[in-house]
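The values are calculated or read from the model by the stated rules, or taken from the named source; none is laboratory data. This structure is a prediction, so every number in the text was calculated from the model and none was measured. All Cβ positions, glycine included, derive from the backbone under ideal geometry; neighbour counts span all protein chains shown.
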Amino acid sequence: MFSSPITAYKQIDAESDIRGADPIRLITLLFDGAEAALAKAQSQLAANDLGGKSDSLTKAMTIIVEGLSASLSVAQGGELAERLKALYDYMVSRLVHANIHKDAAAIAEVQQLLGEIAGAWRELRPNLAGDQNSAKRNA
């Protein structure tokens, strides 16, 4: 099933992280995966590994569409969710362009956009933990 014990450990560790994660942690894991795939795509493009680049960009697009965009609720998030959805759609279109035209700048643009949104999500986690701790102290 696994090619090595290290691979098995990494898979089990990742699955454990996902199973025990709160919703914000799950979203940050999606960002981590997309960012890693984009970094890998940049390296593969620089090395002229076009098949690898295509696979990595496809992985990033899948995470953006099936993970990040699909997790949005316009009913709950309103205009912000609509704007994020539009931004995710734009990112995917830029990655399709990058894949077809071997455009490292388009990948970098998406990396920057994704990084900014990911940073905001990552800031939520400590803030929520602080709010929960103060609520416990006040109870």
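What to note about this one:
- Of all residues in the stretch 76-95 being aliphatic (A, V, I, L, M) and surrounded by fewer than 14 Cβ atoms within 10 Å (Cβ to Cβ), the one that is farthest from the chain's Cα centre (by Cα): Leu80
- Looking across Ser43, Ser56, one residue alone is closer than 16 Å to Ile100 by Cβ and in a helix (DSSP H, G or I). It is Ser56.
- Scanning the stretch 35-63 for residues that are closer than 17 Å to Ile24 by Cα and in contact (Cβ under 8 Å) with a residue 40 or more places away in the chain yields a single hit, Glu35.
- Per-region count, the stretch 46-66, residues surrounded by 14 or more Cβ atoms within 10 Å (Cβ to Cβ) and either of a type in the set (Phe, Trp, Tyr) or farther than 23 Å from Leu113 by Cβ (or both): 1
- Hits in the stretch 22-68 - residues which are among the basic types (Lys, Arg) and modelled with pLDDT under 95: Arg25
- Residue match in the stretch 83-90 (condition: under 18 Å from Lys59 (Cβ atoms) and at pLDDT 95 or above): yes
- Failed criterion for Ala8 (all others in (1) at pLDDT 95 or above; (2) assigned to a helix (DSSP H, G or I); (3) more than 21 Å from Arg125 (Cα to Cα) hold): (1)
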